[in-house]
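Notes to accompany the following structure.
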Amino acid sequence: MSDDLQNHGAVFSLLSLQLAWRNLWRHSRRTWLTAGAMIFSNVLLIFMISLQLGSYDMMINNTLRAFSGHIQLQAEGYNENQRMRRSIPSILSLTRRVRESLPDAAVSARAAAFALVSSEERSFGAQLIGVQPAWEPGVSTLPGLISEGRYLEDPDAAEIVIGAVMARNLKVGLGDEITLLGSGWDGSFAAGVVTVVGIYRSGMADLDRSLAQLPFGYFQATFFMQGHGHAIVVALDDLDQVAPALSTLQPLAGDDLVLLDWDALNPGLKQAIQADMSSAWLMYGVLIVLVAFSVLNTQLMSVMERTREFGVVSALGVRPSRLAMLVLLETALMALIGLAIGLFLGWLVALYFNTAGLSYPGMEEAAARFNLPDRIYPSVSPLSLLLGPVVVFGFCLLAAIYPAARLLRLRPVEAMRAA
Amino acid sequence: MRRILLTLTLLCSSASAADDLTARDLVEKAMDHWRGLTSWGISTMTIHRADWERSMTMESWSKGDKTTLVRVIEPRKDAGNATLLNDGTMWSFTPRINRIIKIPSSMMSQAWMGSDFSNKDIAKSTDIIDRYDHELTATETVDGHVQYTVTSVPHEDAAVVWGKEVLIVRDDYVLIEQQFWDQDGVLVKKMETLEVAEMGGRPVAKVLRMGEVDAPEEWTQLTTEEIKFNLKLSDNLFTLSNLRNPRQ
């Protein structure tokens, strides 16, 4: 008995499906127009979202690779307040152990001090970083951005690499001497004279103006560091490796040191992305609502023009709820067409730009400001492809609820008399 | 009746005018008292932190409002490091690199050699007299001395990092306390006089302690070991060449 009913139901819904499909093509031009709106918005959404996600990935990776790395090991409290004495003792041996436990990652030690840098004519405050010339290029893109001269080589040489803006402010060039004046790890006066061997241009105004790098050994001697340093920087291939690396490093951190991930190191980054994402969704929302209204319009029209037909069918004993389901099914089929074709075309578009990259006039300046390369490569992932179309699909179904609900109040006799 | 009111009003207004004058005078007198017309002294600075402490001894000379020379004598490692403030311009000499460096005005509010004193504090700068408006806000008697509290607010256009400073000056013009408030009305750091002693023929704030309010275990103490006032000091003392090659 129940088998029979189920069977009956299956035949019934297959029948509804066939009916819905046929109904759709009774006005094929109208269906295509509405589906076209969906396809258009889906392709547009896929393109925009994959572009956006691609640019976020790029933004994160570029910011992290520029300087901070994905993970840093620091003394407790150093990240909040960069005091000279909040340091890691015997940093070089700890760095070696970190390197051994993460063979695939790039690992480098740093020490930092705030000091007055002066040329013959001018003086400015600057952040001085002692870096390991052999390892630093693995964790930071700065060494690769040297526009004049070369990067540091000898770990003990009295040499310095400065940013282009600092070089301009100090009025110095390659081979010129700079004096450093600050206070050492033991509180005593630290001073040194170094030669400019390289000038880098990162495009990030902060770095180019106020950051300078010295070889680690020379930094140790000048600032009386006694083997101390301030950060062990770890750079990974991508963001997914951060969590496993953190758990690998946990035993090395002990009680006095803290492990900081990229979000803790760059607190503004995630917020900037979230803010950008929510403002973009406002725009997408407008697009999606417009498409939903066009569906509402189409389905309402198709229900109204079939009032007589529905009246006859319901007079023959078909329940109004089935009729409402039929309308929803029609909409779902139409939305599915829009989804499938939109997804396919959107995927093609995203795939094309994913390999070719995308650039537009004026982008170079904007990109420099946000530390992006001058070409964006949209990301092609299930998330970037499906997010927009699925939301459109959902809203189209929602839009069909009103026309379908009208059928629940259908009175057969009146409906049959309708013009 | 009306006459009484009028008299009262007059009295009040003249009283407040006198107060304004007194407040500024108090600050000026305290600064004069602190520096003397000329002065020479030896003092020890102790920088205290939660996990370490460090001391250094310095010799200093000052002349008038705007000229100060400070030279480190101990520890040996730092001996010879010197700072010269001459009419708002600050120079620093470091024997290790044998160079004189001009400290930009933007660095004047930065800490001096990791201490809680700023470059400006070390140079005993007296900007506060002219760049602030002073008002007497309280008077009380402590240990037989009258102490005046002066609240000083920087002029609108003054390039000053503080929102206001509060000075407590004793009736013999010894500066008892100086408070530094930020623009949001929060007390950030304060300098207290821990000991007053008769030195160089006048009462002097012998032990000063400067510290941030929210880090009570971190402070810098400046103890005056010896001081003399109103000596004959040659102008040559305050030159760049003397900064580099002391002739004393």
Partner chain coverage, peptide B:32-41 - average Cβ within 10 angstrom | 0
Applied in sequence order to the stretch A:336-348, the curve 6.51 cos²θ - 1.76 cosθ + 1.60 (Karplus, θ = phi - 60°) yields integer Hz couplings, x standing for Gly and Pro, of 5, 4, x, 5, 5, 5, x, 5, 5, 5, x, 4, 4
Those lysines that a straight Cα-Cα span of less than 25 Å connects to B:LYS102, excepting residues fewer than 8 apart in one chain = A:LYS171, B:LYS63, B:LYS66, B:LYS77, B:LYS120, B:LYS124
If the label point sits 7 Å along Cα→Cβ of B:THR57, residues of the stretch B:204-240 with amide N under 16 Å come out as B:222-228
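If we count other beta carbons within 10 Å of each Cβ, what is the order of A:THR248, A:THR355, B:THR220, B:THR139, fewest first?
The fewest-first ordering by Cβ neighbours comes to A:THR355, B:THR139, A:THR248, B:THR220.
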Label-point separation (nm) for A:ALA280 and A:ALA405, each offset 7 Å from Cα along Cα-to-Cβ?
-> 3.3 nm
Put a dot 7 Å past each Cα toward the Cβ at A:GLU305 and A:GLU121; how far apart are the dots in nm?
-> 7.9 nm
Across the stretch B:200-214, in residue order, what do the Karplus-derived ³J(HN,Hα) couplings come to in whole Hz, using 6.51 cos²θ - 1.76 cosθ + 1.60 with θ = phi - 60° and x for Gly and Pro?
-> x, x, 8, x, 10, 6, 6, 10, 10, 10, 10, x, 7, 5, 8
Relative contact order (percent) for chain A, with alpha-carbon contacts under 8 angstrom and 6 or more residues of separation?
-> 26 percent
Taking the Cα centre of chain A as the origin and placing charges on Cβ (Lys, Arg +1; Asp, Glu -1), which of A:SER321, A:LEU45, A:VAL392 is farthest toward the positive end of the dipole?
-> A:SER321
Taking A:TYR218, B:TYR132, A:TYR402 and counting other C-beta atoms within 10 Å, the order from fewest to most | A:TYR402, A:TYR218, B:TYR132
To the nearest 10 degrees, how steeply does helix B:2-35 sit against the main Cα axis of chain B, on a 0 to 90 scale?
-> 10 degrees
Give me the distance between the Cα centres of the stretch A:195-244 and the stretch A:285-309, rounded to whole Å.
-> 60 Å
Dipole check, the stretch A:71-235, charges on Cβ (K,R +1; D,E -1), about Cα centroid: among A:ALA157, A:GLY198, A:GLY229 the Cα furthest to the positive pole belongs to A:GLY229
Which parts of the stretch A:290-329 would a label at A:LEU17 reach, counting a residue when its backbone N lies under 17 Å from a point 7 Å out along Cα-to-Cβ?
-> A:325-329
Treat every Asp and Glu Cβ in chain A as -1 and every Lys and Arg Cβ as +1, leave all other atoms uncharged, and give the resulting dipole magnitude about the Cα centre to the nearest 20 debye.
-> 2480 debye
For the stretch A:274-280, 3J(HN,Hα) per residue [Karplus equation, 6.51 cos²θ - 1.76 cosθ + 1.60, θ = phi - 60°, Hz, x = Gly/Pro] | 5, 5, 5, 4, 6, 6, 5
Between A:ARG168 and A:PHE344, take the C-beta separation as r, use R0 = 45 Å, and let me know the FRET efficiency to the nearest 0.05.
-> 0.30
In whole Å, what is the distance between the alpha-carbon centres of the stretch B:180-221 and the stretch A:15-74?
-> 63 Å
From largest to smallest, what semi-axes in whole angstrom does the stretch A:71-235 give when each is the square root of 5 times an eigenvalue of its alpha carbon gyration tensor?
-> 24, 18, 14
Taking B:LYS66, B:LYS77 and counting other beta carbon atoms within 10 angstrom, the fewest-first order is B:LYS77, B:LYS66
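A short reminder: the numbers here are calculations on the coordinates, not readings from a lab. Just so we're clear, the structure is a prediction, and the values are computed from it rather than from any experiment. Quick reminder, even Gly has a Cβ in these numbers, built from the backbone with ideal geometry, and neighbours come from all protein chains shown.
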